[in-house]
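Notes follow once the structure below has been shown.
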């Protein structure tokens, strides 16, 4: 599907298409709660807890929806390029339907995610980050390993993500601001499209970690540009560039970008565990960090906590930090 | 209210009374999700996540419901005896309605809970455990500090807890086994009564930590008896005896008692964080530990994760343990 075809198809998506996607994923995904977060200062912040999904991420919606799009004549095998969460969702949904699954993953993927993909029945092939990005961009895995399902720029994926928007509109019609972590843009696009179709006029804010800001750079330049990506524990978002295929959607749907620091994300991971009693990975906590930042306006603010797949040791380390965000031992890794 | 009066009133409670309680607490409590837990072996285990309530515990239901029972002429001040979670719920609900609150707490209460009660506006008075238990048993605080609201043996409390049963019956009518942590019996009694009124014939299992087993001892003896209570991090449940007022309810409503080890509870805390992405305190995790134990039958098993107020340092320590439950450093505290 070319750049403009994807955007055109999605801008034309109807209420009924999102509801069909919701029906497709009902057996695989749960309807996640929207929990109040104690924000103070008169603002109301609520957490859309996608980290409570089976497999710990919203990607089960995307995976199940994408597999359902094959309809009556599904292929015997599928392949994808993913850092982990999407691959897990796709693998679970595809294996339930009898398909073989090959996952192309970057070597930077968290060990816990690679192990989880294999446990679900995927064959995992690891690549240096640059080569992995090439597969993601070209959809050419270099092998005959099945129908390629893109983790982001894929109609079924965006519609599946949009089911979050259906639930938000139902649970909080007065929502005025939505904060969504930006990885490839499939999540924010899907939710924004659904809210638009349903007539909920929320301001759409995408957030990025300071270690990788391709969306902020694309908005600054007026088109996708290449940025540096520094390593951090925030492995679920971040890349070297906005995908050309996604840019027409993002340019139109995203109202603002907030960049948060790794320290702010660590503080948000800690707040989510100690105050809201949920476990979030860095990408998942980024939305709360952005919602709490001084640059985020809005009175009724929903933050999408996109996933919870953080290494236990990393979470333990963050929980051992003092309130001020300082490590209790020297040499704190990022 | 005497022993038999409480039990009689509650055995006569109707569907409508539980639904009234649900209406009373709707502005204070959230409708918690029932999340699937990956159990394997053909059994289906789901988690009723009361740790996701405001204040991190089911007790907001009890507190709000108890305060609402005062009706049109509420007192200016209320007092209670609580280890923390109930006191927090009562304090939040009572302060919202303009009442002063005094909380009598045992010195063993977690620091995080004492700080939270004070932050909510309660005056906290700490006592040695024996003296605190005396207040709990006699309802005599030794001071003129307001209408006493019992955290367990109180009609409004049991009805408020019963709203969990309403939600379970709606979300999972095929539920056949319910596992609930036993602290004072208000939680298990409320849910069991609601399920009975609604005609859901689930087997009711109460669980206790090995460090304090007053309910198992009461069933063995045929009446409440005094047991030893050893200190552990499981501070939300455990006492020296079943309250005489609660025994008629418990004897009738509870089908079985499962005692779990502190090690099993630690493993469950870890599994909840790493697999379900929720933070549970020891008492909250005890229900999952019991549901996973070989002595727990049932195909459709709901475990009530009662609370999430665990010290961050304790959670970090448990997350740092290896899968087998061994500490990574010697001298593991319980």
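Quickly run through segment B:9-28 and pick out the residues that are closer than 17 Å to residue B:170 by Cα and part of a loop (DSSP other than H, G, I, E, B).
Across segment B:9-28, the qualifying residues are B:14, B:26.
Just the residues that are within 22 Å of residue A:202 (Cβ to Cβ), surrounded by fewer than 16 Cβ atoms within 10 Å (Cβ to Cβ) and free of Cβ contacts under 8 Å to residues at least 24 places away in the same chain, please, taken from segment A:4-51.
Scanning segment A:4-51 gives A:12, A:16, A:36, A:40, A:41.
Within segment A:246-268, track down each residue that is over 23 Å from residue A:204 (Cβ atoms) and either surrounded by fewer than 20 Cβ atoms within 10 Å (Cβ to Cβ) or within 16 Å of the chain's Cα centre (by Cα) (or both).
A:262, A:263
Out of all the residues in segment B:217-244, which are in a loop (DSSP other than H, G, I, E, B), over 17 Å from the mean Cα position of the chain (by Cα) and under 24 Å from residue B:193 (Cβ atoms)?
If the condition is that a residue be in a loop (DSSP other than H, G, I, E, B), over 17 Å from the mean Cα position of the chain (by Cα) and under 24 Å from residue B:193 (Cβ atoms), then B:222, B:223, B:224, B:244 are the ones that fit.
Take residue B:6 and decide whether it is touching a helix residue (DSSP H, G or I) at 6+ places or on another chain (Cβ under 8 Å) and either within 14 Å of chain A (Cβ to nearest Cβ) or outside any helix (DSSP H, G or I) (or both).
no
Residues are listed down the side, and each one gets a yes or a no for (1) at negative phi; (2) more than 21 Å from the chain's Cα centre (by Cα):
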{"residue": "A:91", "(1), (2)": "yes, no"}
{"residue": "A:119", "(1), (2)": "yes, yes"}
{"residue": "A:141", "(1), (2)": "yes, yes"}
{"residue": "A:157", "(1), (2)": "yes, no"}
{"residue": "A:161", "(1), (2)": "yes, no"}
{"residue": "A:185", "(1), (2)": "no, no"}
{"residue": "A:191", "(1), (2)": "yes, no"}
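One line per residue, one yes/no per condition, for (1) under 17 Å from residue A:307 (Cα atoms); (2) in a helix (DSSP H, G or I):
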| position | (1), (2) |
| --- | --- |
| A:104 | no, no |
| A:109 | yes, no |
| A:116 | yes, yes |
| A:125 | no, no |
| A:137 | no, yes |
| A:144 | no, no |
| A:151 | yes, no |
| A:166 | no, yes |
| A:179 | yes, no |
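Within segment A:52-89, which residues are part of a loop (DSSP other than H, G, I, E, B), touching a residue at least 40 places away in the same chain (Cβ under 8 Å) and more than 14 Å from the chain's Cα centre (by Cα)?
A:69, A:70, A:75, A:76
Looking at this structure, is residue B:68 within 14 Å of chain A (Cβ to nearest Cβ), surrounded by fewer than 22 Cβ atoms within 10 Å (Cβ to Cβ) and either under 25 Å from residue A:37 (Cα atoms) or modelled with pLDDT under 95 (or both)?
no
In segment A:252-334, which helices (runs of 4 or more DSSP H) lie fully inside it and hold 1 or more residues that are within 13 Å of chain B (Cβ to nearest Cβ), at pLDDT 95 or above and under 26 Å from residue A:169 (Cβ atoms)?
Counting at least 1 such residues, we get A:262-275, A:282-292.
Can you tell me which residues in segment B:85-133 are surrounded by fewer than 23 Cβ atoms within 10 Å (Cβ to Cβ) and closer than 20 Å to residue B:29 by Cβ?
B:95, B:96, B:97, B:98, B:99, B:116, B:119, B:120, B:121
The values are calculated or read from the model by the stated rules, or taken from the named source; none is laboratory data. These figures come from a predicted structure and were not determined experimentally. Here Cβ is always computed from backbone atoms with ideal geometry, including for glycine, and neighbour counts include all displayed protein chains.
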